[in-house]
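K.L.:
First the structure, which I've put down as structure tokens, then a few questions once you've had a look.
The values are calculated or read from the model by the stated rules, or taken from the named source; none is laboratory data. Predicted model only: the values in this text are computed from it and were never measured. For neighbour counting, all protein chains shown are included, and Cβ atoms are generated from backbone atoms with ideal geometry for every residue, glycine included. These accessible areas exclude ligands, DNA and RNA; they are computed on the full protein's heavy atoms, side chains included. Shrake-Rupley method; radii C 1.70, N 1.55, O 1.52, S 1.80 Å.
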Amino acid sequence: MEETFNIVSETERLVIKPLKKADYNNWLHEFESRYPSQHRHDQGKMDMSDCTLEWFHRLVDKHQELALQDIAYVFGVFRKDDGKHLGMVDFSTLARDDFQWGRVGYSIHNQYWRNGYGKESVKEALNIAFKYLNFHRIEAHINIANQPSSKLAESVGMEYECTRKGFIYEFGQWTDNLVYFKNSNECC
């Protein structure tokens, strides 16, 4: 599949871009270098044995397909000075037409926590969502017990809106989630 979704943005320390097939070794190495789970909302070290080069190529193709269909946009977060893969930021389209509404998700490998990479990457990703993906409203849906994620959302200027009861199925049950949002007129 030809890779045609290619929005690339840079901050002072980061490059945020769709994964490319050439990113495989870097991507795999950083997943394999994760520390054990630090808390319930951190996957920590994962079994990557099924993540072969062919599997990764299919993943990149799937990301491209989802973007071209306006279903989801998945970005890798890379450190500018050495190119290391630090994590991911993604957007899912919830509704278009009169809404232009999406959801953001984010994850930084735990070996890179407490360096400000999460804040820097999500802040820039929100700029991408509003300027290039034409969203008006972006929400973050955060498990009520995931305080680090709530703090990150607040640090990039997202505003707490409500708690949705029994909103997302995780950990084998329907969980309550905090909803944070940011609108395009509050950004950039």
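K.L.:
Determine the alpha carbon to alpha carbon distance for each of Lys119/Lys182; Lys17/Lys45; Lys123/Lys165; Lys17/Lys131 and list only those over 20 Å.
P.N.:
Cα-Cα > 20 Å for Lys17/Lys45; Lys123/Lys165; rest within.
K.L.:
If you don't mind, another one. Straight-line reach from Lys20: which lysines have Cα under 20 Å away, leaving out those fewer than 8 places along the same chain?
P.N.:
Filter leaves Lys62, Lys80, Lys84.
K.L.:
Let me cross-check Ser92: its accessible surface, 1.4 Å probe, with only protein heavy atoms counted, in Å² to the nearest 10?
P.N.:
30
K.L.:
If you don't mind, there's one more thing I want to ask. Using only the heavy atoms of the protein chains and a 1.4 Å probe, how would Val60, Val74 rank by accessible area, largest first?
P.N.:
Numbers: Val60 0, Val74 25 Å².
Result, largest first: Val74, Val60.
K.L.:
Keeping every protein chain in place, order Asp47, Asp23 by accessible area at 1.4 Å, biggest value first, i.e. largest first. Please report the intermediate quantities before stating the final value.
P.N.:
On the way: Asp47 125, Asp23 20 Å².
Listed by decreasing accessible area, they come as Asp47, Asp23.
K.L.:
Turning to a different aspect of this structure: With a 1.4 Å probe and all protein chains in place, put Asp82, Asp98, Asp42 in order of accessible area, largest first.
P.N.:
So, going from the largest accessible area down, we get Asp98, Asp82, Asp42.
K.L.:
List the aspartates and glutamates whose Cα sits under 20 Å from the Cα of Lys151, skipping any in the same chain fewer than 8 residues away.
P.N.:
Counting by Cα, and skipping residues close in sequence, Lys151 has these aspartates and glutamates nearby: Asp42, Asp90, Glu120, Glu124, Glu139, Glu159, Glu161, Asp176, Glu186.
K.L.:
Give me the percent of the accessible area of region 1-51 that comes from carbon and sulfur atoms, probe 1.4 Å, all protein chains in place.
P.N.:
Result for region 1-51: 47 percent of the exposed heavy-atom area is carbon or sulfur.
K.L.:
If you average 1/r over every pair of different alpha-carbon atoms in the chain and take one over that average, what Kirkwood value in Å do you get?
P.N.:
Answer for the chain: a Kirkwood hydrodynamic radius of 17.2 Å.
K.L.:
Which whole-number percentage describes the relative contact order of the chain, with Cα contacts under 8 Å and a sequence gap of 6 or more? Walk me through the intermediate numbers first.
P.N.:
Numbers: 313 pairs, mean separation 32.0, N = 188.
Once normalised by length, the contact order is 17 percent.
K.L.:
Shifting gears a bit: Could you go through region 136-145 in sequence order and give the Karplus-derived ³J(HN,Hα) for each residue, using 6.51 cos²θ - 1.76 cosθ + 1.60 with θ = phi - 60°, rounded to whole Hz, and x for Gly and Pro?
P.N.:
9, 10, 10, 10, 10, 10, 10, 3, 4, 8
K.L.:
Could you work out the helix-only [θ] at 222 nm for the chain, with each DSSP H run of four or more residues adding -39,500 (n - 2.57) and the total divided by the number of residues, to the nearest 500 deg cm²/dmol?
P.N.:
Computed mean residue ellipticity for the chain: -8000 deg cm²/dmol.
K.L.:
Oh, and also: Determine the per residue accessible area of the chain with all protein chains present and a 1.4 angstrom probe, expressed in square angstrom. List each step's numbers first, then the result.
P.N.:
Working: 9870 Å² over 188 residues.
I get 53 Å² per residue for the chain.
K.L.:
What is the dipole size for the chain, taken about its Cα centre, with +1 at each Lys and Arg Cβ and -1 at each Asp and Glu Cβ, in debye to the nearest 20?
P.N.:
The calculated dipole for the chain is roughly 400 debye.
K.L.:
Compute, for Met88, the solvent-accessible surface of its heavy atoms (probe 1.4 Å) with the complete set of protein chains present, and express it in square angstrom to the nearest 10.
P.N.:
Accessible area, nearest 10 Å²: 40 Å².
K.L.:
Leaving out ligands, DNA and RNA but keeping every protein chain, what accessible area does Arg58 have, in Å² rounded to the nearest 10, with a 1.4 Å probe?
P.N.:
The accessible area of Arg58 comes to roughly 140 Å².
K.L.:
Let me ask something else. So, with a 1.4 angstrom probe, what is the percent of accessible area on region 98-188 that is carbon and sulfur?
P.N.:
Details: 2240 of 4660 Å².
Carbon and sulfur: 48 percent of the exposed surface of region 98-188.
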